[in-house]
Amino acid sequence: MEDKIFAMRDEALAQVAAARTAADLEAVRIQYLGRKGLLPEIMKGLRDVPAEQRAGVGQAANQFKEALSEGLREKQETLASGSCQAAGPAFDPTLPGRVIPRGSRHPVSLVIEEAVRIFAKLGFTVAEGPDLETGYRNFDALNTPDYHPSLSEQDTFWIEPDLLLRTQTSPVQIRVMEQTQPPIRIITPGRCYRRDTTDATHSANFHQIEGLYVDKSVSLADLKGTLAHFARQMMGPDVHVRFRPHFFPFTEPSVECDFSCHVCGGKGCRVCKQSGWIEIAGAGMVDPRVFGKVGYDAEKYTGYAFGMGIERIAMIKYGIPDIRMLYENDLRFLGQFR
C-alpha cells in the first residue's frame, strides 16, 4: 500500500511539472487533493488497513499531501511570474516595444476646464446641481411665466408634472441663493436638455456654463468687464466684444454678448455669416423678482448673471463645423485634441 502511495505521488508531481497553465494546475489539485480526489479516498480507506500497517500508510499519505501541496505552490508562483510558457519564455528582450496610444481630453471638457480656470482667477467658485430638476427652480423661481413656450412639451423633457430634465443650469443659481446669503460669486457648468432637432448646430443634449455674482453695488459695467476678460482669455487678446439689448425673463436689463469672429478677424466669413460677430452668451442684471423668490433684499443687493453654450465655444475655438462631431466618438477626430 505504501509503494502504491509513493508511485501515485511521483505521478502527481510529474503532472505538476508538466502543467503549463493555471487551469492545468488546478486540474491536478482537484484530481489528487479535491474533496473527491485520490488522496482523500486513501485517507478514508485507512480504517480498512490492518492495524500493524496503518501507521506507515498514514505517514506515507501525509508525505504525499505535503510534497504535492509544496509542488503546487511552487508551480503556481512560477506560472504567475510568467517564466513558464508552452511556446517559450514570456518575455523576449529582443522584441520591439509596444506603442501604447496616448489618450486625449474631449474638446467639451477642455473648454469647461479652461473656463473654470479663467473665472476662478476672478474669484468665482464652481457650484453643481442635479440634472433632474423641479419646475419651480427651472422656471417659476427664474421669473418665467406659465404661458412661456419653453414650458411646453415641445420644448422641454417633462418626466412628471413638476419634474423635468433641466433646460439650463440656472436652477443651480436658485439652489445656491436659497441656501446662501450674499456675496455670491459662482459658475455652474453642466449638462442641459431641450427638445431640439439635432443638426449641425443644435443638439437635444448640450452643455452650458453660467455665472452669478450678487453683492452690494454690482453693476452692468462689472458684467461687461467680466465677459470681456473671459473672451480675451479664452479666444485670444485680439478678440472684440459687443453687447446688444435683448430680453430674458430672469434678467433686467438683458443683453446678448457677441465675440468678434476669430476666423476672419471680424471681416466677415462663412462661420460668422459675413457679420464679423458670433453670438456667445446671454446675460444681464438679475431681475429683482428673482431675488424676491429666494428672499434677498432687492433694495440692498444687485447682481448679474450670464450663460453660454460650451459646444458653441468649442466649435468656434477649434474650428469644428458640426456639433455632431463632438458626440460621434470618432477617435480620428478626438485624437486631434491631445
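Taking the listed residues L142, L132, the one that is under 20 Å from I209 (Cβ atoms), of a type outside the set (D, E, K, R) and under 24 Å from the mean Cα position of the chain (by Cα) is L132, with no other qualifying. Within the stretch 36-51, residues that are closer than 13 Å to I5 by Cβ have Cβ atoms under 8 Å from residues that are assigned to a helix (DSSP H, G or I) and of a type in the set (V, I, T) in these pairs: I42/I5; I42/V57; L46/V57; V49/V57, counting only partners at least 6 apart in sequence or on another chain. Q31 - would you say it is of a type outside the set (F, W, Y), in a helix (DSSP H, G or I) and exposed (fewer than 14 other Cβ atoms within 10 Å of the Cβ)? Here the answer is no, as Q31 does not meet what is asked. In the stretch 169-182, the residues that are under 16 Å from L142 (Cα atoms) form Cβ pairs under 8 Å with partners that are surrounded by fewer than 19 Cβ atoms within 10 Å (Cβ to Cβ) and small (G, A, S), at six or more places apart or across chains, as follows: T169/G129; P171/G129; V172/G129; R175/G129; E178/G295.
Would the stretch 45-52 turn up any residue that is surrounded by 12 or more Cβ atoms within 10 Å (Cβ to Cβ), farther than 30 Å from I310 by Cβ and not small (G, A, S)? Looking for residues that are surrounded by 12 or more Cβ atoms within 10 Å (Cβ to Cβ), farther than 30 Å from I310 by Cβ and not small (G, A, S), one finds at least one in the stretch 45-52, hence yes. You will find that of E328, E279, E311, E299, the residue that is assigned by TED's automatic domain parsing to the domain that holds V111, outside any helix (DSSP H, G or I) and in contact with a strand residue (DSSP E or B) (Cβ under 9 Å, 6 or more places away or on another chain) is E279 and no other. Pairing each residue of the stretch 208-235 that is more than 14 Å from V116 (Cβ to Cβ) and in the same structural domain as G295 (by TED's automatic domain parsing) with any residue that is surrounded by fewer than 17 Cβ atoms within 10 Å (Cβ to Cβ) and small (G, A, S), provided the two are 6+ apart or on different chains, yields C-beta distances under 9 Å for Y213/G123. Residues that are among the polar types (S, T, N, Q) and either free of Cβ contacts under 8 Å to residues at least 24 places away in the same chain or outside the structural domain of S219 (by TED's automatic domain parsing) (or both) within the stretch 236-255 are absent altogether. With respect to the stated conditions, S260 fails to be modelled with pLDDT under 95, of a type in the set (S, T, Y), within 26 Å of L220 (Cβ to Cβ) and surrounded by fewer than 19 Cβ atoms within 10 Å (Cβ to Cβ).
Screening R270 with (1) surrounded by 15 or more Cβ atoms within 10 Å (Cβ to Cβ); (2) assigned to a loop (DSSP other than H, G, I, E, B) gives one miss only, at (1).
Considering only residues in the stretch 137-173 that are over 23 Å from A127 (Cα atoms) and in a strand (DSSP E or B), the one that is modelled with the lowest pLDDT turns out to be E160. All of (1) modelled with pLDDT of 95 or more; (2) closer than 19 Å to I118 by Cβ hold for V176 with one exception: (2). Within the stretch 159-167, does at least one residue satisfy the condition of being in contact (Cβ under 8 Å) with a residue 40 or more places away in the chain, farther than 29 Å from I118 by Cβ and exposed (fewer than 12 other Cβ atoms within 10 Å of the Cβ)? For the stretch 159-167, residues in contact (Cβ under 8 Å) with a residue 40 or more places away in the chain, farther than 29 Å from I118 by Cβ and exposed (fewer than 12 other Cβ atoms within 10 Å of the Cβ): absent.
The values are calculated or read from the model by the stated rules, or taken from the named source; none is laboratory data. Note that this is a predicted model, so its numbers are computed, not measured. With ideal geometry, Cβ positions are generated from the backbone for all residues, glycine too; neighbour counts draw on all protein chains shown.
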